[in-house]
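Asks: Handing you this structure, nothing more for now.
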Amino acid sequence: MQSGAGEECDDGPDNADAAACTSECKLAVCGDGHVFSTGDGLEECDNGGDNGPGKACKADCTLNVCGDGDQSPDEACDDGNQDPGDGCSAACKLEACGNAVLDPGEACDDGQNGDNDDGCTDLCKLPACGDGFEQASEGEGCDLGPQNSDTAACTLACADATCGDGLVHAGVEQCDDGPNNGPGKACRAGCLANVCGDGDQGPGEGCDDGNTSDDDACTSACKPATCGDGIKQPGEACDLGDANSNTGACTLTCTLPACGDGFVQAGAGEACDDGNLSSSDACLATCQPAACHDNVLHVGVEQCDDGNTDDTDACVLECVDATCGDGLLHAGVEQCDDDNTIATDACTNACKPAACGDGIVWAGHEQCDDANANNDDACTNACTLGLCVNGIQNAGELGVDCGGPCPKQCLVINEVDYDQPGTDNAEFVEILNVSSGPVSLAGHWLVPVNGNGNAPYSAVDLGASFPTLAAGQYLVVIWGNVTVPNGQLKLVANMMSVILQNGSPDGVALVHVPSKQYIDALSYAGEINGVTFMGVGPFNLVEGTPASLVDSANSPGSLSRIPNGIDTNQMGVDWKFTSTVTPGAANVP
C-alpha cells in the first residue's frame, strides 16, 4: 500500500468493487457506490449519493422492502407492517373502495363501475333501501338515502309517496287515511283535511255552509247560531257562551256589562254599582269605592292621586308627593333613597348610590374620590391612595405594583435548557411572574441572541398568544416537545428543534417594546453586551459580574435560578446548572 499515492488499502489481485478493498485501492464503505458483498461484506445495495429514506437503497445499504416503514419509489405506501385492513396492504398498495379488491370492511368491490344497480354500489356496499341509490332490480321506485321518510317524497320503503298510501306527504298532503279518504270523512279525496268552512260536513260538525262567517245561520265553528253559543253575532254586543251572567263580563241577553246598570260585575272590574254615574258619592262613576289612589284627586285631603298604590312613582304612601329622603325609591328619578340627607353614606343626598368617581368620599369605603378617570394621580380609579402599593396596575406599571415607575420586578427568566444530549429536541425558556398580581404580556418579547454579532433571532411575541400571566404562574416557551404541568402556560414557538444557539457565547433576553424597557436576560458560555431589539437598548445580557454558565451536552440538565425565582442581579449568584429539568415548575438544585 502506497499511502503517499492516496491508497487506503491494496490487496493486489484481490482488489474488487465488491471486496473490502475496491479496485481504486479505497476501503469499502456504505455510500461509495460499490456493493461490498464478499468476505465480511454485508451490503445488499449501494447507490452512493442516492442512498437514503424513500430510495431503493436505504442509508445503511440495505434494500428498501415492503413492510420496513420506509416508502420506496415503487411503493404506494409503507406502514411498517404487512397487516391488511389498516389502509396499506401487505403488498404496500393503498386499500380503498374502487380498487376492485375486496378489502377488509368492504361488502363488495366492483371497481366503482358507476352502476349502482348491479349488486354492488360504488360505496362498496350491497344494495339496500336507504343507501341513496335507486335499484330498480330490487323493486325500488326511489331512494333518497337519509332523506327517505314516510313524510317525504320517497318513503322508508323506497316507494314514491302517493295520496291514498296512508302516509302524510309533508308539504303536499294535509292528511292521508288510505282507503278511508272521501266525502264526509276526516280526510277528503285528494288528501285534504276536512275543516269547517269547506262545504263538506265532516265528523263533529253540526253544519257547514262553505264559509267562515258568523253572520249567517251556520257559525265559523260549524254550529247553528244562537245567543249563548260563545260567538258574537249581529245584534249581540257579546257572547261568552255558558259564562254569560248578569254579574259577569257578558249578560244573559248578550249585552256588555256597564257601570251604572245596578249590577256588580266583578269580572268587569266593578267593586260596586249604585245605579248612577256620580263620582261624588261612595261609589264612583268607575264603579269603584272612593279611596286614596282611585285616580280622583281629593282637594285639601290628598297632595296627589295617580290611581295606584305604587310607592316608586311620583305619588306615594297615602297620596303624598314623592321626595328625595322619604325612604321610598322613585323609579326613573331616584337610584336610591335611604330616608336621610347624609351625602357621605351609601346613598347620597341626591338619591344616587355612592360610587367611586362621584366626587364624594364614601365614609368607610373610599380613601379618596377625585371624580376623574386618571389612575396616575393621588386618587386611583378605585378611590384608593398611592400608586405602587395600592394593589392596582396603574398606568406605566407592567403589572400590579411592579415594573415601570415601581421598583419591584414583575417577570424573570427562570430556567433555560438550550442543549440536550444528542439532538436538541426539547429546548425551552421558562418565564415566571414573581409579583403579587397578574402581569399583562402585551408588548413583551422573548429574544434569543446570537453572540456572533450580538444579533437577535427567532424572537417570540408573548402577548400575541397569552394576554396575562397570573401571580406565581409560569410561561414556558418551547422549541421542540416539552411537557408542562396543568395550570401553567405553554407556548410552542416552533416544533422544530435545534433553534436555540449552544453558546460561546449566546443568550436570551426579555424586553417590553412599548415602554422600551429591558426586563431580564441571561448570557451563557460567555459575555454578551450592547444588544438592541426593536428600539429597546442597547442593553447587556450580563447581570453583575460575568460568570461561566454552560448547559451540559452530555447529560440532561438546565440553567436555573437557585433559589427559584430569586433575582439579585448577580448572574454568578442567581444561576446554577442543575441536572433536574423543571419546565413550568419550581427549580431544584
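The values are calculated or read from the model by the stated rules, or taken from the named source; none is laboratory data. Bear in mind that the values here come from a model prediction, so they are computed numbers and not experimental data. We place every Cβ from the backbone using ideal geometry, glycine too, and count neighbours over all the protein chains shown. With ligands, DNA and RNA removed, areas are computed over all heavy atoms of the protein, side chains included. Shrake-Rupley method; radii C 1.70, N 1.55, O 1.52, S 1.80 Å.
Asks: So if R0 is 22 Å, what FRET efficiency would Val172 and Ala136 give, r being the distance between their Cβ atoms, rounded to the nearest 0.05?
Replies: 0.40
Asks: What does the charge add up to near Pro583, with Lys and Arg as +1, Asp and Glu as -1, over the other residues with Cβ less than 10 Å from its Cβ?
Replies: In short, -2.
Asks: Would you calculate the separation in nanometres between label points at Asp11 and Ser279, each defined as 7 Å from the Cα along the Cα-to-beta-carbon direction?
Replies: 12.9
Asks: So which lysines pass the test for Lys93, namely a Cα distance under 22 Å, with those fewer than 8 places away in the same chain ruled out?
Replies: Leaving aside lysines fewer than 8 places away in the same chain, those within reach of Lys93 are Lys55, Lys58, Lys125.
Asks: Same structure, new question: Taking the dipole about the Cα centre of the stretch 1-71, with the C-beta of Lys and Arg at +1 and of Asp and Glu at -1, give me whichever of Thr38, Leu63, Ser3 is farthest to the positive side.
Replies: Among Thr38, Leu63, Ser3, the one farthest towards the positive end of the dipole of the stretch 1-71 is Leu63.
Asks: Which of the listed residues, Gly267, Pro257, Gly178, is farthest toward the dipole's positive end in the stretch 151-307, when Lys, Arg count +1 and Asp, Glu count -1 at the beta-carbon?
Replies: Towards the positive end, the residue furthest out is Gly178.
Asks: Continuing with this model, one more query. Return one whole number: the accessible area per residue of the stretch 270-348 in Å², for a 1.4 Å probe.
Replies: Using a 1.4 Å probe on heavy atoms only, each residue of the stretch 270-348 averages 55 Å².
Asks: Along the charge dipole of the chain, Cβ charges K/R +1 and D/E -1, which of Gly48, Ser72, Gly228 sits furthest on the positive end?
Replies: The one lying farthest along the dipole's positive direction is Gly48.
Asks: Dipole of the stretch 1-74, Cα-centred, from +1 at each Lys and Arg C-beta and -1 at each Asp and Glu C-beta, to the nearest 20 debye?
Replies: The calculation lands at about 180 debye.
Asks: With a point put 7 Å past each Cα toward its Cβ, work out how far Lys26 is from Gln335 in nm, to one decimal.
Replies: 8.9
Asks: Setting aside same-chain residues fewer than 8 positions from Lys516, which lysines have a Cα under 23 Å from its Cα?
Replies: Lys408
Asks: I've got another one for you. 5 Å is the cut-off here: which amide hydrogens, built 1.01 Å from N in the peptide plane, fall below it relative to Cys88, excluding neighbours closer than 5 in sequence?
Replies: Glu95
Asks: Run through the stretch 439-541 and list the chymotrypsin sites (Phe, Trp or Tyr not before Pro) located in a DSSP loop whose Cβ has at most 16 other Cβ atoms within 10 Å.
Replies: Within the stretch 439-541, the qualifying chymotrypsin sites (Phe, Trp or Tyr not before Pro) (loop, at most 16 other Cβ atoms within 10 Å) are Tyr457.
Asks: Is there a quick way to get the dipole size of the stretch 451-589? I mean about its Cα centre, with the Cβ of Lys and Arg at +1 and of Asp and Glu at -1; what is the value in debye to the nearest 20?
Replies: The calculated dipole for the stretch 451-589 is roughly 220 debye.
Asks: Is there a quick way to get the dipole size of the chain? I mean about its Cα centre, with the Cβ of Lys and Arg at +1 and of Asp and Glu at -1; what is the value in debye to the nearest 20?
Replies: 2640
Asks: Need one number: nm distance between label points at Ala355 and Asp150, each 7 Å from Cα along Cα→Cβ, rounded to one decimal.
Replies: Distance between the two pseudo-spin positions: 6.2 nm.
Asks: In whole percent, and with a 1.4 Å probe on the protein chains, what portion of the accessible area of the chain is carbon and sulfur?
Replies: 55
Asks: Checking the cross-link filter: which aspartates and glutamates have an alpha carbon closer than 12 Å to that of Lys352, excluding same-chain neighbours under 8 positions apart?
Replies: Glu334, Asp337, Asp338
Asks: Here is a further query. Would you mind working out the accessible area per residue for the stretch 408-533, using a 1.4 Å probe, and quoting it in Å²?
Replies: Accessible area per residue, the stretch 408-533: 36 Å².
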